[in-house]
Amino acid sequence: MSFLELKGITREWNGQGGVKNVSFALPRGAFMSILGPSGCGKSTLLRLIAGLEQPQAGQIHIEGRDVTARPAAQRNLSMVFQSYALFPHLSVADNVLFGLKVRRIGRSEQVRRLDKALEMTGLQGLEHRKPAQLSGGQRQRVALARAAVAEKPLCLMDEPLSNLDAKLRHSVRRDIRALARALGLTVVYVTHDQGEAMSLSDIVVLMNAGRIEQIGSPQDLFQRPATTFAAQFIGEPPMALVDGPGLALNDDVIAGIRPEAVALRPIGAGDLTATIKDIEFLGSKTRIALTHPAAHGLAAFVAGSTNLALWQMVDVSIPENDRLLFNAQTGKLEKEPQQNSETRIRQNTASGIGPKAPFHLNLSTKPAQKEP
Amino acid sequence: MTDPFTLERRRRAIHGWLLLSPALVMLSVFAFYPSFATFVTSLWSRGTRRRPSEFVGFENYQYLFEDPTFWLVAWNNLLYAAVTIPISITLALAMALWANAKIPARSFVRTAYFTPAILPMIAAANLWLFFYTPSFGILNQIGGLLGADPVNWLGQPSTALWAVCAVTIWKEAGFFMIFYLAALQTIPPDLKEAAEIEGASRWTYLRRVVLPLLMPTTLFILINAMINSVKLIDHLFILTKGGPSDSSKLILYYIWENAFAYFDRPTAAAMTALMLAVLGALAAFQFLMLDKRTHYR
Ligand SMILES: Nc1ncnc2c1ncn2[C@@H]1O[C@H](COP(=O)(O)OP(=O)(O)O)[C@@H](O)[C@H]1O
Ligand SMILES: [Mg+2]
């Protein structure tokens, strides 16, 4: 039986915003991310689960109990707020212990849980500080510790890392994962950062404009995006979309292709002739951004560095086996890649155009062309 | 002597004094000097045409302490403060909490509460004079409907002081509410949600989170209310003139009487000096003691 289940949850403001008809089920101990662009209803969904917001339709079940009409305190969950919501007048220890004191948990039990939580979050020695005397990362960890001492089976987190700098984000991300595992928590984690969602979660719920676009494992979302929206949201850079006619296909399909599967070819040897719009050196590889009238977000990777020039014309090959076909009207996925695309992508980048590939020399001797 | 370090220090000192001087001049002329002059006056006897005033030391204070009216007035003022301060602050907090909640016609409620604070005290007193008027005043008419005997609220010693207190509370609560309302609006709403998830009831949230966060405001209001309990006597002139038989007379009114009705300036000065000393001590106590236990953001 699933641990957390939402059935047809709807909450809108005057028919706008919020979430519409959201359903999913989550097993105990799973780490689920709610992913989507800003304003798509992620926080609203989390607040509905928490009981801080009431649905207009639908039911929420936690541990098999219908909690739709229950207040937040009776839902047996903890929450980490985006702003951390620490009490500014209380010390770190009092902030962490707030809930235990409210619930009149015994003194020795309080001390035991406080010590454990402070140790897990690395906050020992800061017990007597006020939140104003802590750094952003430390405040964030106080918020985590407060959720941890509650020892509730379900923990909700609303963009807990969005106020941290990039480096800290990576380390706290691992801490969160470790904490969830150590406590056996079921986590619902809201984020707009696909990197966080993909690396942390067992299940990702991708949302768009208040609706669920796709639910699946990170691998599923990456390899089999259910819609063109998912295709263009997941991946760094995301999938390129090419209108059917551009690839000699019917005009009722759109082809999607991962940049990892796109290969550069000499003029005349590929499927499309595109213009180089941008060259981004990333260290071990170089990202080439391309423009073509029939394509959106077309890009390719070249191993190492390159001596291709900006505005130069190149051919790209879009291997048929790696193409995903979407319905041009509904945007739904119609045909998956033919074989395990991961192996194919690996082959492609391996055998693809390194600096030593013969046609590459050919290309680089051509004079750079300016786009008309 | 002219090493750059000394020069720089001197330059900074001059800057400091220049920045300080406007406030210092104003305070000296309008606060420090008058206080000092008052104290000096209180040490001299009352001058008449025949006997010019002479230095008498603390004799004026001695007379004051032997004057039963002074003790009655001091006691009245103490009662007045003890009743009006806690009640008006509690009312202000309650009204602010209510006006800050999601209620219909919120701005109307806020305006309605604040209106008494806009009225001049004299106007407010005149308004309440109608409420208190024997037999056809509103209070007695309502009482009459309920079958109660008419009461001359302002005309009898047992009720006059309480009637005066009621006007002050009515006037001050709305004013203090504005401060509480402003402070409440700086509390982020997610603190309430965090407390809610932790299982805190509304009352627990109020006691453990809201009230501590409002402490700086409360301290500010408390000092203001205390000063007002001595300062705000305009309504006495309209309502009771301190009577009947001094039952509603407050210190400042008594000082005014001594200075400008009986022309006994040394006695008035002695009382003023005492009052200043007590108020100063109280303010110092509040700032020093309560400040330590107050959380400022
Ligand atoms: N209390 C509210 N009143 C009106 N509209 C709201 C409210 N809360 C959220 N919304 C709307 O619902 C949509 C989703 O908001 P939210 O869940 O906060 O998005 P996000 O995915 O960025 O967390 C937004 O368009 C927002 O304007
Ligand atoms: Mg949000």
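Can you tell me how chain B classifies by the Cα gyration tensor, rounded, prolate or oblate, using a/c under 1.5 as the rounded cut?
Because a/c hits 1.5 or more and a/b fails to exceed b/c, chain B counts as oblate.
Set the Förster radius R0 to 56 Å, insert the Cβ-Cβ distance between B:R46 and B:F108 as r into 1/(1 + (r/R0)^6), and round the FRET efficiency to 0.05.
0.50
What percentages make up the Cα-Cα pair-distance distribution of chain A when the bins are 20 Å wide from 0?
The calculated distribution, bin by bin, is 26, 45, 25, 4.
For peptide B:184-197, how many partner chain Cβ atoms fall within 10 Å of a residue's Cβ, on average?
6
Determine the shielding of peptide A:79-91 by partner chains: average, over its residues, the number of Cβ atoms on other chains within 10 angstrom of each Cβ.
The shielding value for this peptide is 5.
Divide by every residue of the protein assembly as shown the summed helix terms, -39500 (n - 2.57) for each DSSP H run of at least 4, and state the resulting mean residue ellipticity at 222 nm, rounded to the nearest 500 deg cm²/dmol.
Roughly -14500 deg cm²/dmol at 222 nm, from the helical runs in the protein assembly as shown.
Work out how far the C-alpha atoms of region A:175-264 reach from end to end along every principal axis, then list the three figures in whole Å, largest first.
The Cα atoms of region A:175-264 stretch 54, 32, 17 Å along their principal axes.
Mean 1/r over all different Cα pairs, inverted: what Kirkwood radius does region B:1-41 give, in Å?
12.3 Å
In Å, what Kirkwood hydrodynamic radius results for region A:203-324 from the alpha-carbon pair distances?
Taking the inverse mean of 1/r over all distinct Cα pairs, region A:203-324 comes out at 15.1 Å.
Can you tell me the order of A:194-200, A:330-336, B:121-127 when each peptide is scored by its average per-residue count of other Cβ atoms within 10 angstrom, highest first?
So the order, starting with the most tightly packed, is A:194-200, B:121-127, A:330-336.
Take the Cα of B:V56, step 7 Å along the line toward its Cβ, and report every residue of region B:242-266 whose backbone nitrogen sits under 12 Å from that point.
In region B:242-266, the label zone of B:V56 (backbone N under 12 Å from the point 7 Å along Cα→Cβ) covers B:264-266.
Counting pairs of Cα atoms in region A:120-279, how many percent are more than 20 Å apart?
Every Cα pair in region A:120-279 considered, those over 20 Å come to 63 percent.
Zone of B:K241 (label point 7 Å along Cα→Cβ, backbone N under 17 Å): which residues in region B:98-126?
Answer for this model: B:126.
Under 1.5 on a/c is rounded, so check that first for region A:4-223, then, if it is not, pick prolate when a/b is larger than b/c and oblate when it is not; a ≥ b ≥ c are the square roots of the alpha carbon gyration tensor eigenvalues.
Prolate.
Restricting the count to DSSP beta bridges whose residues both fall in chain A, what percent are antiparallel, rounded to a multiple of 5?
Rounded to the nearest five, the antiparallel share is 75 percent.
Multiplying the sequence separation of A:T330 and A:A57 by 0.36 nm and subtracting their Cα-Cα distance, what value in nm do you get?
Gain on extension, A:T330 to A:A57, equals 95.7 nm.
Return an integer: the convex hull volume of the alpha-carbon atoms of the protein assembly as shown, in Å³ per residue.
Roughly 313 Å³ of hull volume per residue.
Kindly provide the pair-distance distribution of region A:1-43 built from C-alpha pairs, with 5 Å bins from 0 and whole-percent values in order of increasing distance.
All Cα pairs considered, the percentages come to 6, 18, 23, 25, 16, 7, 3, 0.
Would you kindly derive the ³J(HN,Hα) couplings of region A:67-83 from the backbone phi angles with the Karplus curve 6.51 cos²θ - 1.76 cosθ + 1.60 (θ = phi - 60°), listing them in order in whole Hz, with x for Gly and Pro?
Ordered by residue, 3J(HN,Hα) equals 10, 3, 9, 7, x, 3, 5, 9, 9, 6, 9, 10, 9, 10, 8, 4, 8 Hz.
At a Förster radius of 60 Å, what calculated FRET efficiency corresponds to the Cβ-Cβ distance of A:N250 and A:S171, to the nearest 0.05?
0.75
Taking every pair of Cα atoms in region B:19-125, average 1/r, invert it to obtain the Kirkwood radius, and report Rg/Rh to two decimals.
1.19
Give me a single rounded figure for A:97-105: the average over its residues of other chain Cβ atoms within 10 Å of their Cβ.
Neighbouring Cβ atoms belonging to other protein chains average 4 per residue here.
Using C-alpha positions alone, give me the convex hull volume of region B:123-198 per residue in cubic angstrom.
In region B:123-198, the Cα hull volume divided by residue count equals 155 Å³.
Cα-based Rg of region B:56-112 per 2.2 N^0.38 Å, rounded to two decimals?
2.06
With contacts defined as alpha carbon pairs under 8 Å and 6 or more residues apart, what's the relative contact order of region A:1-125 in percent?
21 percent
Every read-out reported here was derived from the displayed coordinates using simple, explicitly stated rules and does not represent laboratory data. If you're wondering where the values come from, they're calculated on a predicted model, not measured in any experiment. Methodologically, a virtual Cβ is constructed for each residue, glycine included, from the backbone with ideal geometry; neighbour enumeration extends over all protein chains shown.
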